[in-house]
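Down below is the structure, laid out as structure tokens.
Nothing in this text is a laboratory measurement; each read-out follows from the coordinates by a stated rule. Predicted model only: the values in this text are computed from it and were never measured. Cβ sites come from the backbone with ideal geometry, for glycine too, and all protein chains shown count toward neighbours.
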Amino acid sequence: MKKLTILGVSLLFSTLTIAQETSTIKEQDTTKLEEIIIIGRRKLSNYRQEKTLSSIDDYLEKSNRITMIKRGNYAWEPALNNMVSDRLAITIDGMQIFGACTDKMDPITSYVDVSNLEKVVITSGQEGTENAHSVGGGIDLKLPQSTYYDSGLKTSIDLGYETNGNYSVGGLDIEYSGNKFYANLDGIYRKSDNFEAGNNEEVLYSQFEKYNISFQGGYKLSKSHVLDANIIYDRATNVGYPALPMDVSLAEATIVSLKHTYKSDSARIKSWESKLYFNTITHIMDDSKRPDVPIRMDMPGWSDTFGFYSKATFKKDKHNLLFNFNGFYNRSLAEMTMYPNDTSQPAMFMYTWPDIRTLYTGLYVKDALALNEKETISASIRLGFHNNKIAEEAGLESLQIFYPDIEDSKNRFLISTSANYELKHKAYDATFGLGYGERAPSVSEGYGFFLFNSFDNYDYIGNPTLKNEKSLEANIKANYYFKDFKLGIESSYFHIMNYIIGEIDESLSPMTIGANGVRVYEGLNYANIFNVYLNSTYKISKKVSLNGTIGYNHGKGSNDENLPLIRPVTYLAEINYSTSNFNAALQLDGNSTQNKYSSNYGEDKTPAYTILNLNLGHSFLLKDNKIILKYGVENLLDKNYSTFADWNNIPRQGRNFYLNISYVIL
């Protein structure tokens, strides 16, 4: 009865987004199914944000469409529309960047922090192909724009502490804004011990330490021309992964870019932005802190990417045009050295990514046509050339054991296209979309060599002969407004052909001690994924509002097996009280039992759960300066639980008290 009551409450009060400063904004001149999550630690004007020092992972998890796959307390992998990162276009301000870990311990989102970003733009399906090809959609982590307010020097200091894991955060931001020159220097430091699940259960190997430093400089050449330079350095050490057999001693990234922006008041050319960029990543896995392992291993990986883009927006009559010509060159290399317990035996070495070089060049074009004040139609297309080359001869020879006829280079041509119709009315709005897209296999899917997956306990071997994965999609989003009540629904359906997934090959023996066997990446004939969310919000008064969401997801392959990592029924509800300088919110968050799990791919039944969170915030002035205070408690009832997205059922955090203080010197 209690569960039915909770579910009924969430059905009554469902909405798209509940984080007070996490908002969904639909562009006024396009029909993108777009969600924008405001982050900007530099813009601490809104104390209603749950935690001013939340990690990027915490922010992303507030989105309806995004699930964060957790292998530990750090570097969660984002999945969008129930599709993991291989099927997504994840970029940093339009820049391509690729992780250096074969076990996905370093998703792209782990190499930036809230101090670097202004917002995150989330686009579904083929609407997310502005920067790259994808099947599930795009996540673009946006850097702040240079601002020339002639406001002089500003500084902010941020401090945070959380009781669970003895977690501490500190940040410093220094900004100078003149008429022609802009500069910002910021840094943030995070450190956590092992956290505790509900009922004081310590989760071993969940510690981490990280710092991030970034510099942004801009110079206004003229009224229309601006130059920007950006450097981000991110370094994490002593990162534990309780769901995996190995930890990380170092995850380090340097991201550099130079951008030129042209803006015009002319009737046709609105803006033209061009960027050159480079990023390099070093990632080192080791098991030196694990007391008992069958064999010691070192697994370093490297990823270097050079790239560019040049995109322009035009307006002619009722047409709004966007062109984006971009390209990149990436080098991905990973090694594994195994040290037998018998020191008289020689170490064993192999390439797990045999120095794969990827060259891509593509063009994206979109046109949004305003039929009238209420109706807009849009269409987009991305065409791309994709080439993989195996640069390491030993790696090529290793793969030729399984694929004797493969060559060291493979070309692919990719196409993505979409069309949308948007209707706006005072009492309602609606968007309908169709799309077709293709993606190339990832480095691991195409060229990985005995990559151990602890989720299903199998070694994986890539397949260079894989065909492009192809997707047909349909989506709908609609909102109805009645006085202080809003009701919305959004839904998407994906029919994915040649769905890439690992299939068991009984003829092969695993390399990893204790593994169940070997899977080789193959393409299912097809897979279907369906998602639907019901959202509503009700404003009781100027100070009190009720919000929440409920969602249903389904995924199955042509082999009649459930797809892995598909959300069960999810629900969330919130009551919020807000005045000009005080905010309080009580949130209820939960999942139903995951009955449609994929035992074939290592999943098991995950029990239902419900947790409560309490968030409070103050904002007040101290002379001419501003102080923002955020405090509260997460998992108020100290529930011990794990979700479908927790690798090997590692538990989530138990009760956690937190306090964030931000001091802005105006």
For region 135-152 and region 197-242, what is the separation of their Cα centres, given in Å? 15
Lys, Arg +1 and Asp, Glu -1 on Cβ, resulting dipole of the chain about Cα centre, debye, nearest 20: 3080
Treating each Cα of region 551-607 as an identical point scatterer and ignoring solvent, apply the Debye formula and state log10 I(q)/I(0) at q = 0.18, 0.24, 0.28, 0.29 Å⁻¹. -0.66, -0.93, -1.10, -1.13
Among N199, N660, Y526 the positive-end extreme of the charge dipole of the chain (Cβ point charges): N660
Points 7 angstrom from Cα along the Cβ direction at Y219 and I269: gap in nanometres? 2.2
Virtual spin-label span in nm between M350 and S558, 7 Å along Cα→Cβ: 3.0
Take the Cα atoms of region 448-571, find their three principal axes, and give me the spread along each one in whole Å, biggest first. 66, 31, 23
Region 383-491 - convex hull of alpha carbons, volume per residue in Å³: 152
Column: log10 I(q)/I(0), Debye, Cα scatterers of region 364-421, q = 0.16, 0.24, 0.25, 0.29 Å⁻¹: -0.64, -0.92, -0.95, -1.08
Stretch L434-I489 to full length: gain in nm at 0.36 nm per residue minus the Cα-Cα span? 18.1 nm
If I model a spin label as a point 7 Å beyond the Cα along the Cα-Cβ vector, how far apart are those points for V293 and E393 in nm? 3.1
Defining a contact as two alpha carbons under 8 Å apart and six or more residues distant in sequence, what relative contact order in percent does the chain show? 13
In cubic angstrom, how much convex hull volume per residue do the alpha carbon atoms of region 81-238 span? 139
Over the residues of the chain, compute the C-alpha Rg and express it relative to 2.2 N^0.38 Å. 0.94
Can you list the equivalent-ellipsoid semi-axes of region 531-664, largest first and in whole Å, using the square root of 5 times each Cα gyration tensor eigenvalue? 37, 18, 12
Summing -39500 (n - 2.57) over the DSSP H runs of n ≥ 4 in the chain and dividing by its residue number, what mean residue ellipticity at 222 nm do you reach, to the nearest 500 deg cm²/dmol? -1000 deg cm²/dmol
Distant-in-sequence amide H partners of Y241 (H built 1.01 Å from N, under 5 Å): V248
Just subtract the alpha-carbon distance of K426 and L204 from 0.36 nm times their residue separation and send over the number in nm, one decimal. 74.5 nm
Determine the gain in length on full extension of the stretch T343-I377; use 0.36 nm per residue of separation and subtract their C-alpha separation, reporting nm with one decimal. 5.4 nm
Taking a ≥ b ≥ c as the square roots of the Cα gyration tensor eigenvalues, with a/c under 1.5 meaning rounded and otherwise prolate when a/b beats b/c or oblate if not, region 242-381 comes out prolate
